[in-house]
Amino acid sequence: MKRLCLTVIGVTAPVLCGGTAAAQVRFDDVSFNMGVASQLYHGDFSAVTVPQIDSTERALAGAGYMGARGTLTLLAQDRQSLRLDFDAGMRQFVTNGFQLRNYAPRELSGSLRSTYTRRYRGGTLRVVPTVESRYIADRPPMPLYLPPGYNSAAVDANYSRAISPGLAVYGRVVGELKDYAAPRVLPALDLLDRRTITPSAGVTLLFRGFSETLDRTTVTFFAAYQYHSYPKQGGLGLPRADDGLQAGSEFTLDRREAHGFVLTLSGNATRNRSSSRRVEYNAGRIRTTAAVELGDDTQLDIAALWAVKRYIHPQEALVPGEEADNAASVNAEITRFLGDGVRAGIGGGWIRAETNFSGDYYERFSVSFSLTVNPRF
């Protein structure tokens with residue numbers, strides 16, 4: 001008999017679940033993926049984040065990518081488990097439309113994450129250390145903005161507990177060190193080095209369906225405090241420090257068994273204040289995702305995002321990724337399951353986002369094709 005599991009936001013494992021597993025080392029969910037994509041950018045662009053100034057009103061990019069991911073289960077017992085997740089990939093771009101020259105950026109990335117889970121005092125304790133690295137060669141200007149390479153290490157510790165069959169609470173603390181790899185031609189990227197600690201807490205309500213299925217509805221409310229320290233920014237020996245307050249909620253309507261779809265709607269608001277008046281802002285984000293079964297072997301995935309950020313002291317020049325977060329996007333993909341662990345997907349997307357300069361926006365249209373293989377061991 002199947003048992004219903006409740007998952008809270010930011011907590012990846014169930015807190016209302018049971019079962020026994022043998023303690024053995026094994027590979028799970030190993031997959032190899034590859035694909036191609038084409039992206040068309042349109043707008044009024046000008047770059048201030050690369051050594052040379054380049055600008056264009058239209059740019060075209062093609063990209064090929066390949067990668068592998070999977071899970072190594074080291075321990076799987078009734079009260080505790082330990083697993084290791086790995087993810088590595090490469091993207092190679094070709095571009096056309098820039099005025100000075102066309103770029104050929106290459107992105108290499110990889111992450112290694114271990115997850116230790118233990119049932120403790122009626123709840124679930126989870127500790128997740130992660131290391132991640134990202135390298136960018138021939139980084140292009142806007143509009144084909146690629147965030148700079150970095151190395152990071154983080155630890156995520158959370159404790160969740162079911163108060164009743166339909167109510168769970170959790171507390172969480174995340175600490176992260178991020179070191180940006182600044183090339184000699186652009187040493188200013190070192191200024192983005194960051195130290196972060198984020199404690200948060202939340203509550204999840206579970207409403208089961210009326211039928212004899214696993215269909216359910218979950219609602220999560222959470223609040224967080226964010227502290228960011230930038231050791232290479234600031235003056236007179238006082239590094240820049242940001243204090244942020246965030247609150248939000250997430251609503252999930254799971255009707256996979258009865259109607260073949262899952263709908264998630266989430267939103268949050270952030271108030272950020274800083275020792276540097278330039279980066280004080282209020283921000284909000286609303287995101288929705290949906291997965292719909294189209295027959296026995298086809299699935300449609302849709303994701304939409306709306307983000308807005310308003311500075312207390314308006315700026316003209318912004319740094320994409322850290323500050324220029326005003327954007328709207330829609331993405332959709334149809335996945336066809338071909339059997340024997342093989343699936344193919346075709347997708348498309350649109351995004352309208354702020355450029356380096358406040359109030360200037362660009363649009364990106366994209367189409368992609370992907371192939372994923374899950375071998376059996």
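Remarks
- In this structure, N158 does satisfy being under 27 Å from D87 (Cα atoms), in contact (Cβ under 8 Å) with a residue 60 or more places away in the chain and not in a loop (DSSP other than H, G, I, E, B).
- Some residue of region 304-312 being in contact (Cβ under 8 Å) with a residue 24 or more places away in the chain, among the basic types (K, R) and assigned to a loop (DSSP other than H, G, I, E, B): no
- Boolean, L206 is crowded, with 17+ Cβ neighbours inside 10 Å and at pLDDT 90 or above: yes
- Top-ranked residue of region 341-363 - restricted to ones that are touching a strand residue (DSSP E or B) at 6+ places or on another chain (Cβ under 9 Å) and assigned to a loop (DSSP other than H, G, I, E, B), ranked as nearest to G35 (Cα to Cα): G341
- Under the condition of being surrounded by 14 or more Cβ atoms within 10 Å (Cβ to Cβ) and of a type in the set (D, E), the residues counted in region 337-362 number 2.
- Only one of the listed residues (P105, P129, P165) is under 21 Å from R364 (Cβ atoms) and of a type outside the set (A, V, I, L, M, F, W, C). That residue is P105.
- Test: N151 is within 23 Å of T198 (Cα to Cα), touching a residue at least 40 places away in the same chain (Cβ under 8 Å) and assigned to a strand (DSSP E or B): no
- Taken over region 363-372, the criterion of being β-branched (V, I, T) and either free of Cβ contacts under 8 Å to residues at least 40 places away in the same chain or surrounded by 16 or more Cβ atoms within 10 Å (Cβ to Cβ) (or both) is satisfied by T372 alone.
- Of the residues contained in region 132-147, none is found to be without any contact (Cβ under 8 Å) to a residue 12 or more places away in the chain and of a type in the set (A, V, I, L, M, F, W, C).
- Extreme residue, modelled with the lowest pLDDT, among residues of region 161-188 that are within 15 Å of Y135 (Cα to Cα) and buried (at least 18 other Cβ atoms within 10 Å of the Cβ): A182
- Selection status of A104, outside any strand (DSSP E or B) and free of Cβ contacts under 8 Å to residues at least 40 places away in the same chain: yes
- In the set (1) among the polar types (S, T, N, Q); (2) crowded, with 18+ Cβ neighbours inside 10 Å; (3) modelled with pLDDT under 95, N158 fails one condition alone, (3).
- Extreme residue, nearest to S133 (Cα to Cα), among residues of region 107-121 that are in a strand (DSSP E or B) and over 20 Å from the mean Cα position of the chain (by Cα): Y116
- Among (1) surrounded by fewer than 16 Cβ atoms within 10 Å (Cβ to Cβ); (2) touching a Lys or Arg at 6+ places or on another chain (Cβ under 8 Å); (3) under 16 Å from D138 (Cα atoms); (4) at pLDDT 90 or above - the single one S109 does not satisfy: (1)
- Some residue of region 248-262 being within 19 Å of the chain's Cα centre (by Cα) and among the polar types (S, T, N, Q): yes
- Some residue of region 243-252 being modelled with pLDDT of 85 or more, over 23 Å from Y170 (Cα atoms) and not in a loop (DSSP other than H, G, I, E, B): no
The values are calculated or read from the model by the stated rules, or taken from the named source; none is laboratory data. If you're wondering where the values come from, they're calculated on a predicted model, not measured in any experiment. Note: ideal-geometry Cβ built from the backbone for every residue, glycine included; neighbour counts use all protein chains shown.
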